[in-house]
Amino acid sequence: MAGGREEKVDDRLGREKNLASDPSLGMEERLPSTVIATILSKLDLRSLCAASASCRYLRSCAIHTLSFTPSFHLFEIAPTLDLLRTLLLPNPYLRSLKLDCSRLDDSSIGHLARASSLQELCLHNCENLSGRLLVELGRKCPDLRSVYLSSLAEHRKLSVLYSELKELLTGCLHLESLSLLFDVAEFEHPEFAQVWANASDKLTSLEFGYIPMSMLSALLLLAVETRQPSCVLRPSVFPNLQKLCLSVDYITDVLMSSLSIGLPSLTHLDLQDAPIAEPIQSSDLTNLGLQHINHHGILKHISLIRSQEFLFTYFRRVNDLGILLMSDTCASLESISLGGFCRVTDTGFRAIIHSCSNLRKLRISHGSQLTDLVFHDISATSLSLTHVSLRWCNILTNIGIKRLSFNTDLTVIDLRDCRNLGDEALESLSYLRKLHTLLLDGTDISDTGLSFLGRGRFPLASLSLRGCKKLTDACIPLLFRGSVGHGIQMFDLSRIPNLSDNAILSLAKTRIPIVELRIRECPLIGDTSVMALASMQVEGGSFGSSIHLLDIYDCDRITPLAIRWFKKPYFPRLRWLGVTGCLNRDMVDALVRSRPFVHVACRGEELGNGFWDSSFGWYHHEEDELDELEQWLLEGEDASDDEGDIMVE
């Protein structure tokens, strides 16, 4: 009997070996469907599309997987309605949906707000979607925890009504995070403030793109009133709100006081204003207003920014005294961002550094009186800064950066428009070991400084040299001769007058897998640069395979010949392209038609999602030779018409 059992085992093993080695059998005979389903269920959307382009069987399995995948994230391209119907199948298990909606309109709302199981919704560029989206979300997605909507109804003057906001708030009673990144003045209504009393009491994060002061004042007044002892029978407004991000007309003392009283649970406060006229005393922030910050001692992040969008104006009524008083109550802060405090000197800024022992992120912009003395004895503190931004601090010199570099944990440094910084600053920074983002726009560095940087030993992933006018073609080989340049994924060489095609040829020879390259407004850049990038191969991939974004806007020597190099098979992963609109309109239009998933910008706008503000690691190099996502979406497989019909159904 033992011998018979052994023979059966041997026969089964032999059959399995024959199946595995038989070239005539497909994958379905080689691997059980349960194994394939388990593997595909672990993949993201892009990887699923890549797998589906391999064979009929995997395509069929991918279609099935899309009907139960918990996450549907598609930011690389902006899908059309037809494509959305094909990919976003009815799915009772869908928990997270993230899309670029720039090519969708109201006819897609039924697909976006279809899954009652949805808990997270993130929709960018909703210009052509109306407020009806809010209604459908409130009615059909009651389990939503997080909602992010940007630019809702901005392009076509579509309506966004108060009643539609009410439907969202009363229908989604489990909301924890709500981001409405558009002008919420469209919701103006006598009961705008009252409707928030019916919102989810679990709401911990709220963000508005812009809110008028009248609407914000009414909202905060109600929040203050519902916390009075006489209002114990009325529900509190925002009882658990911890994070608030607002763009307003003016940041004032009254606003800071109302926030302190009405929202006592805040740990994260982000305020930005953009005055259209110089503020008067009653509509401005003063030293008194700063004293209302962090009365409850739990604030971790504070950001107060005066934007220069409409007018060159500053917080002129705040000086060192106000910052000193604020620092006394803000010892627990981990992140501080101050912009436009033109009367604050080293005394005020040093008070922050020496009082906030837990500080990790420091951002100061338009600090017109900030000097090297701020960092004079920073090595004597217990600070361990990781992120530092000192934009438009024009008095700062190389000495200050040398002192700052004693913080060896620095990973992100933004020194844009600090015009007195030169090569010595880069020499100091070259000794850091964790630096991955360095922004040097408009500084006084030269090729020598880049040679210092090239000797460093840190994982640099983002480098911006825009407007560094002393740089020449020699900076590229100097930067990449060591190991530091070989990890760069985002590289900005725009507005460098002496940069020519020779520099781009040198860059192409390095075969560095650059994902974003900006060389806009360089008068000596021409067609040769485009040809070199189109022909560049990384790790055996296809031509130009690593580049997702290329900006060659207003490069004087670019001719219509360059447009031909953006046709397939070149630049297979390209998603953003900046060119000069008048270059050859017919050829540009033809390119748009042939590659509909490439966003072509012709008016000089900045490209990409969150220019230089993206989190590190957002992009990564793919090793696939072809862009299977675009191949599958546009071309399909000639032999898979049946499966395509199934997907449309």
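The values are calculated or read from the model by the stated rules, or taken from the named source; none is laboratory data. This is a predicted model, so every value here is computed, not measured. Cβ: placed from backbone, ideal geometry, glycine included. Neighbour counts: every protein chain shown. These accessible areas exclude ligands, DNA and RNA; they are computed on the full protein's heavy atoms, side chains included. Shrake-Rupley method; radii C 1.70, N 1.55, O 1.52, S 1.80 Å.
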**Report entry** Flag for ILE109 being within 18 Å of LEU88 (Cα to Cα) and β-branched (Val, Ile, Thr)
**Finding:** yes
Query - Identity of the residue in segment 546-590, aliphatic (A, V, I, L, M), assigned to a loop (DSSP other than H, G, I, E, B) and open to solvent by 10 Å² or more (accessible area, probe 1.4 Å), that ends up farthest from ILE514 (Cα to Cα) - result: LEU583
Query raised in the report: What number of residues within segment 591-612 satisfy the criterion of being in a helix (DSSP H, G or I) and in contact (Cβ under 8 Å) with a residue 12 or more places away in the chain?
Result: 2
Report task. State yes or no: is TYR570 within 29 Å of CYS55 (Cα to Cα), among the hydroxyl-bearing types (Ser, Thr, Tyr) and modelled with pLDDT of 60 or more? Result -> yes
Query raised in the report: Considering only residues of segment 67-86 that are part of a helix (DSSP H, G or I) and open to solvent by 20 Å² or more (accessible area, probe 1.4 Å), which is modelled with the highest pLDDT?
Result: LEU81
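Quick grid of which residues meet (1) farther than 29 Å from ASN91 by Cβ; (2) buried (at least 19 other Cβ atoms within 10 Å of the Cβ):
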residue: GLY138; (1), (2): no, yes
residue: PRO142; (1), (2): no, no
residue: SER151; (1), (2): no, yes
residue: SER159; (1), (2): yes, no
Query raised in the report: Cβ-Cβ below 6 Å, separation at least six or inter-chain, first residue in segment 174-191 and in contact (Cβ under 8 Å) with a residue 12 or more places away in the chain, second of a type in the set (Phe, Trp, Tyr) and not in a loop (DSSP other than H, G, I, E, B): which pairs?
Result: SER179/TYR148; LEU180/PHE208; ASP183/TYR210; VAL184/PHE208; PHE187/TYR162; HIS189/TYR162
Report summary line: Within segment 299-351, residues assigned to a helix (DSSP H, G or I) and either out of contact with any Ser or Thr (no Cβ under 9 Å at 6 or more places or on another chain) or hydrophobic (A, V, I, L, M, F, W, C) (or both) come out as LEU321, ILE323, LEU324, LEU325, MET326, THR329, THR347, PHE349, ARG350, ALA351
Query raised in the report: Can you tell me which residue in segment 123-136 is farthest from the chain's Cα centre (by Cα), limited to those that are in contact (Cβ under 8 Å) with a residue 40 or more places away in the chain and open to solvent by 10 Å² or more (accessible area, probe 1.4 Å)?
Result: ASN125
Report task. Could you please find all residues in segment 492-521 being modelled with pLDDT of 95 or more and either part of a loop (DSSP other than H, G, I, E, B) or within 16 Å of THR443 (Cα to Cα) (or both)? Result -> ASP492, LEU493, SER494, ARG495, ILE496, PRO497, ASN498, LEU499, ILE519, ARG520, GLU521
Requested in this report: Would you be able to say whether some residue in segment 459-472 is part of a strand (DSSP E or B), touching a Pro at 6+ places or on another chain (Cβ under 9 Å), open to solvent by 20 Å² or more (accessible area, probe 1.4 Å) and over 20 Å from LYS402 (Cβ atoms)?
Outcome: no
Report summary line: Scanning segment 257-287 for residues that are among the hydrophobic types (A, V, I, L, M, F, W, C) and either open to solvent by 30 Å² or more (accessible area, probe 1.4 Å) or under 22 Å from GLU309 (Cα atoms) (or both) gives ILE261, LEU269, LEU271, ALA274, ILE276, ALA277, ILE280, LEU285
**Report entry** ALA185, sole failed condition from (1) within 29 Å of ASP249 (Cβ to Cβ); (2) open to solvent by 10 Å² or more (accessible area, probe 1.4 Å); (3) touching an Asp or Glu at 6+ places or on another chain (Cβ under 8 Å); (4) outside any strand (DSSP E or B)
**Finding:** (3)
Report summary line: Here the residues within segment 339-353 that are of a type outside the set (Asp, Glu), open to solvent by 10 Å² or more (accessible area, probe 1.4 Å) and either farther than 14 Å from THR286 by Cα or within 28 Å of the chain's Cα centre (by Cα) (or both) are THR345, THR347, ARG350, ALA351
Query raised in the report: Residue check: is SER214 closer than 24 Å to GLN272 by Cβ and in contact (Cβ under 8 Å) with a residue 40 or more places away in the chain?
Result: no
